[in-house]
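Encoded as structure tokens, the structure appears first; notes follow it.
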Amino acid sequence: MITAHCSLYLWGSSSPLALASQSAGITDMKFGNAATSLTANPDATTVNIEDPGETPKHQPGSPRGSGREEDDELLGNDDSDKTELLAGQKKSSPFWTFEYYQTFFDVDTYQVFDRIKGSLLPIPGKNFVRLYIRSNPDLYGPFWICATLVFAIAISGNLSNFLIHLGEKTYRYVPEFRKVSIAATIIYAYAWLVPLALWGFLMWRNSKVMNIVSYSFLEIVCVYGYSLFIYIPTAILWIIPQKAVRWILVMIALGISGSVLAMTFWPAVREDNRRVALATIVTIVLLHMLLSVGCLAYFFDAPEMDHLPTTTATPNQTIAAAKSS
């Protein structure tokens, strides 16, 4: 009885040796489960329990830092195919829906101001599309820049005509509202038809020379729209009734906006035939010059004389005319 009781007591006791054996078994089971989980998921995060102050480490294959990606995107070093794919995913709505066109105006004030500043201060060696436009091309800035330019040219042209004839007794000022429609036709036709023709030409040359940089139609319209911003303050200053001052202003505006267009589209054609590339850039600059010089000559340097009041015949002239008849 005493032997059986001692055996029963030793079997049910919680000796340190038994507790150590049980703890070792549980630890082996936990490490076995962890090894199995790590084998099934190699990218899982592991923590070293021996050094609590050490930060968790990830397995190889983690993405790059977001700062480097933002720098590449800002400088235009990111792959253009990836950017175009993301742009296509963002504009995935059908073209007949309102959401499709709403994406073209999804831009904030900071982006518009930054692009206007970039069009006023062109940086040599920097591509305007890759630096400002490609991340989020928009129509908000080009639309309102063209609309503001239309009214600036029309109103300034009327004021210039008024100041030229100010003080003449035979002149009677009449507002010329038709200048608004003429200016709107010229500006919007230039801002849409010229980019359309340039986009078609680049697509045609890209089919012949595979390494030519390709721009989308929306990006080209965006570049042309923002390049016209310099003409808004220029049109206001054209009110000064001095031809020399006006031509100096138009040359300054043409130099700034023309350089933006030339530096933007030169990388797109420089891999083409040398003569074709130079002819393309010269054509772009000449069309831009034709717009600026034409607006100056039509709206400012050629004042309208149609509204001069008709002179009434004097009584002596009436009597002389009656005798001669």
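The values are calculated or read from the model by the stated rules, or taken from the named source; none is laboratory data. In this text the structure is predicted, and so the values were computed from the model without any measurement. Positions of Cβ are backbone-derived with ideal geometry, glycine not excepted, and every protein chain shown enters the neighbour counts. All accessible areas refer to the heavy atoms of the entire protein, side chains included, with ligands and DNA or RNA removed. Shrake-Rupley method; radii C 1.70, N 1.55, O 1.52, S 1.80 Å.
Charge tally around Val260: other residues with Cβ under 13 Å, Lys/Arg +1 each, Asp/Glu -1 each, net +3.
At an R0 of 25 angstrom, the distance between the Cβ atoms of Ala197 and Ile248 translates into a FRET efficiency of 0.25. For Trp238, the shell of other residues with beta-carbons less than 15 Å away shows a net charge of +2, using +1 for Lys and Arg and -1 for Asp and Glu.
Per-peptide packing, taken as the mean over residues of other Cβ atoms within 10 Å, places 137-144, 279-286 in the sequence 137-144, 279-286 from highest down. The listed residues Lys243, Lys126, Lys169, Lys179 rank as Lys169, Lys243, Lys126, Lys179 when sorted by accessible area, largest first, using a 1.4 Å probe.
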